[in-house]
Amino acid sequence: MSEFTIHHHVSELMTLLGHNMIIAKDFFHIIIRVRSSDPIGEEVYTEKLLKSRTPYVTTQVSSSHAKRNIAQATKTPIEFLAKYDELKEKNVRELDPLLCFLSKLSEEEETKEFLSKHGLDIAEKERMTLMPHSKITSQLPAPGTKMTEEELSEIKDILLKQANVVENPSSDFLVKVMREKTLTRNVNIPQQPEWLFKRSYLTMDFIPGEDSLPNSGIVALGKMSVFEQEQAVMEDILLCMRGLESRYIVSRPLPESYAPREFLFDQSLDPSVQELVKRILPVCSNYSAVVMFIEEKSSFEYGLVNHALSQAMETLIKDYLVMVAQLEQQMSLGQLTLQKMCFYLQPTIRILEILASVANSINRAIIYFNYFFYLFQGKCIGGAVLSLLHEKTASLIGDSKSSELCLYLTQTACVPYMEILEKWIYRGIIMDPYSEFLVEENATINKEKLQEDYNDAYWEKHYSVFQERIPVFLEQVADKILNTGKYLNVVRQCGRDVKCPFAEELVYTVKERRYYDQIERAYSYASQLLLTLLMEEKELLARLKSIKHYFLLDKGDFIVQFMDMTEVEMKQHIDDILPSRLESLLELALRTSTANVDPFKDDLRVDLLPFDLTSQLLQILAIDSKKEKGKYLIDPTDIRLSGLESFSFDYVVKWPTSLVLSRKALTRYQILFRHLFYCKHVERQLCNVWIGNKQTKMYALSSSRWYSAAFALRQRMLNFVQNFEYYMMFEVIEPNWHTFQQNMARVSNVDDVLAFHCDFLDSCLKDCMLTSTELLRIVHKLLVVCVTFSNYVQRVNQTTTVENEMERLRDSTLQSTMSNRERREDLQKKKTATKVMSEYVGQVLVDENFEQTIATFDNNFSRHLLELLDKIMDENKTTYEHKLFNIIYRLDFNGFYTEKLEAISAERALKDHSFVSDSSSHTNSSSGSMPTSFTTQRPDGARYVPGQYKGRKGSATGLDK
């Protein structure tokens, strides 16, 4: 079962049962319990199932044990065993594994209790009943029974109560009914002429619906001699062997489709002759079944495999009819007796028995679709037919002649299927007019969508494997067959003519190793061909390095130069920015930096998105959360985005490189870039504050003291942002990129390339705290506090910056023309001006309530930073992944924040202790008063523990928002 099928099953179970459920890998083997409090999506459980998946092999002993357990657990063991035998006769492929799974499920009391309760809830919600139909009808009186009005009223109430389901069915119920309709294939089947169905005599079988009974003119066999009886019966048998009605042996109409044909004959026949007739009549019955199969399966809708099988059977039937003609000749010459006929028919009896068995197995097979829905009987086509033939051939391995016959049928039926397979694995083309092949193309998904849709899955869904179409003897190489054709198809779409040098005819054999080797050679050739095309001709690695230069800020001089050039544009509203001007500035920055040597620099583009990074991420992360859906769907017209908030890079990618660099991958790169770009912007803003702070050196000490708190806060903020950037650049992106390069050096196919690239991006997003809504919100708040602080301090400094700049320019212009005396006078004026400016600045700071504002910024920054550290430790305690500890080690290198966190934890413990003491004071009068300071009486165990005391009622915390 493929990854996407398992993901679909997990998603269906989560939808049907909610989070408190059971997920079974392949629905047969591994059971994983999921707590109702787990806020994890189906991707996590799918990954767990894929990692823990192992082959599950059922044996006769395990099946019998499972059947016995279920029979003991069910209330209707007889009906269960009868249903099992019925499905076993129909060759349901997954019956025994399903039985083992249900047996394990029957041993889980907790699971059965939950499923029972859940079934009742669903029935009540859908206004349905779980009461069996037989139990309802059993309450009704027998036909003809007289009833009183009261009894009639009671029966009416019972029926109305159980019939509520049909009054107002829910939309989910209607959808389920529509999905359970007969599955049809998306094929163009030619229409057959009507006269083919109207002319009932165009058949080699008995005419349907015609029951020819002997008329009164026929002499009863009992009135004849034994010799005359034998001659009359032989004549009738030869007619029945060709599907014709006779006088003394009459075929009965079939009670149902595909039922074995039965015959009636005169009971006055001599007992010895009757015994010989009973031995020969199965030949007529089997002939009828085979001819019926040939005529039915020769229709277009049953596909090429059934056509080929019907042709093989028809060849054998022709030989059979030749033998019947030879028997008629012997009879006309008077050289045939019933005993001789029975002897001559011995080899034919076995052949027709095998042919009829094959026909009945195919007619009665039930083919399950995704383990939920099935096709009706008689619709077995393609790979399912080949699976039944393969199993039949393997079961007759001890009988050489029967095995040869089944091998002939299977090889003939495999010819069209193998031809489709050859074109797929040798040329990458699907020629499957009747949808029989295990791989199907979805024409609605094309490669152009790779650059348009975020969730487009061209590589996974354009070509997909249908489980019910896989022959049993190709199950182990189904994935390789899929990938081989996909690789060659990509090369063909690049305008290349594909010719596999290892192309050989595929012929079915009981020993699977032969065509396994052929498929393996074709797979190796196709994977190497596409990998060479991507790596060498399309230079995939060079393009990935180019994207890393720009999206992951690998080229430092380029990004600094670009931010310097676009500083004015980035401050404007998104509607006021000209994209053409940004494109020009981008071109200039590329040409005047070290990025100029990049051969793919012209593929870089500017993109202005209608949402900021936080809104984009929260929308993406809230997709799987029903509670948060719609919570972050913000209309872009409701917020005023600046150029900095909406700016991102984009990249032009062409086919087939777009397989790796799809829109989904580029969106992940854009998310990382926007996060790093905004952090770089915050760092530049804080550096500008640092430059502005240099002017305070000329002020008096009394004025400079106002800035001391701002200096310290600015340095703490700068330390946080720079260490945060260092962590993301050098402890997340670079190690993951190094691992990605090592993996790329040993890839053998494109699927490995896609997997390694996806792992690289996922690791970067996760370790940069972009996949956790809680961490993302806290980091965003910290950066907003830093930007707001920078803007405030620069606004305060703006009044003095202009006057100082004008004074500096005037001094630089007149300094060369002044004499020594004038310079001394000018120096004295500067000192006076500086004193006046210092007093002026002090007055401004007092008016602006500067000290209180800086204290507020300090409190907000400290609170959010402590909250971030606390949340990181809490996350690591939950996930047992310690990558994020690196940022803690860098920010808390001297244990300063650890002491703060311990103090907060102690205060929480003290308040909880106080709450417990107050509640117990009514019963314990000897209890002492509560200490007022935790430094004097600190409760035992008041040590910082991540996540402890969080969410308690009545607990005061400095980390609350």
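The values are calculated or read from the model by the stated rules, or taken from the named source; none is laboratory data. Predicted, not measured: the structure shown is a model, and the values here were computed from it. A quick note on method: Cβ atoms are made from the backbone with ideal geometry, for glycine too, and the neighbour counts reach across all protein chains shown. Note: areas computed on protein heavy atoms with side chains; ligands, DNA, RNA excluded. Shrake-Rupley method; radii C 1.70, N 1.55, O 1.52, S 1.80 Å.
Past the 27 Å Cα-Cα mark, which pairs from K486/K555; K51/K104; K461/K654? Please report the intermediate quantities before stating the final value.
On the way: K486/K555 36 Å; K51/K104 21 Å; K461/K654 20 Å.
Correct reply: K486/K555.
Ordering R427, R492 by accessible area with a probe of 1.4 Å, largest first, what comes out? Mind showing how you got there, number by number?
Numbers: R427 115, R492 95 Å².
Accessible-area ranking of R427, R492, largest first: R427, R492.
If you rank S580, S648, S772 by how much accessible surface each has, with a 1.4 Å probe, what is the order from largest down? Spell out each step's value before the answer.
Details: S580 75, S648 0, S772 20 Å².
My answer, sorted largest first, is S580, S772, S648.
What accessible surface, in Å², does a 1.4 Å probe find on K461, ignoring ligands, DNA and RNA and rounding to the nearest 10?
Only protein atoms counted, so the area is about 110 Å².
Take S646, S708 and sort them by solvent-accessible surface of the protein heavy atoms, 1.4 Å probe, largest at the top.
On the way: S646 0, S708 70 Å².
Per-residue accessible area, sorted high to low, gives S708, S646.
Given a cut-off of under 8 Å on Cα pairs at least six residues apart, what relative contact order in percent is computed for region 235-321?
Working: 70 pairs, mean separation 20.0, N = 87.
RCO, region 235-321: 23 percent.
So if I take the centroid of the Cα atoms in region 380-402 and the same for region 214-262, what is the distance between those two points in Å?
When both Cα centres are located, 34 Å separates them.
So what is the accessible area of region 215-256 per residue, in Å², with the probe set to 1.4 Å?
Numbers: 2150 Å² over 42 residues.
In whole numbers, region 215-256 has 51 Å² accessible per residue.
Please work out how much accessible surface E228 shows to a 1.4 Å probe, ignoring ligands, DNA and RNA, in Å² rounded to 10.
90 Å²
Find the Rg to Rh ratio for region 294-428, where Rh is the Kirkwood radius over alpha-carbon pairs and Rg uses the same atoms.
On the way: Rg = 18.0 Å, Rh = 16.7 Å.
Answer for region 294-428: 1.08.
³J(HN,Hα) across region 502-510 via Karplus (A = 6.51, B = -1.76, C = 1.60, θ = phi - 60°), whole Hz, x for Gly/Pro?
Once θ is set to phi - 60°, the couplings for region 502-510 become 9, 5, 9, 5, 8, 10, 5, 9, 5 Hz.
As an exercise, take the mean of 1/r over every pair of distinct alpha carbons in region 67-121, invert it, and state the Kirkwood radius in angstroms. Provide the component values of the computation, followed by the final result.
Values: mean 1/r = 0.0815 Å⁻¹.
By the Kirkwood definition, the hydrodynamic radius is 12.3 Å.
Quick check: convex hull of the Cα atoms in region 542-592, volume per residue, rounded to a whole Å³?
Roughly 89 Å³ of hull volume per residue.
So, with a 1.4 angstrom probe, what is the percent of accessible area on region 709-752 that is carbon and sulfur?
On the way: 950 of 1820 Å².
About 52 percent, which is the carbon plus sulfur part of the accessible surface.
When all protein chains stay in place, what accessible area (Å², nearest 10, 1.4 Å probe) is found for T5?
30 Å²
Of the trypsin sites (Lys or Arg not before Pro) in region 711-762, which ones lie in a loop per DSSP and count no more than 13 other C-beta atoms within 10 Å? Mind dumping the intermediate values first?
On the way: sites: R714, R716, R746; in loops: R746.
Counting only loop positions with at most 13 other Cβ atoms within 10 Å, the trypsin sites (Lys or Arg not before Pro) in region 711-762 are R746.
With a ≥ b ≥ c the root eigenvalues of the C-alpha gyration tensor of region 501-629, is it rounded (a/c under 1.5), prolate (a/b larger than b/c) or oblate? Present the calculation step by step, with values, prior to reporting the outcome.
On the way: a/c = 4.26, a/b = 1.90, b/c = 2.24.
Oblate, because a/c is 1.5 or more while a/b does not exceed b/c.
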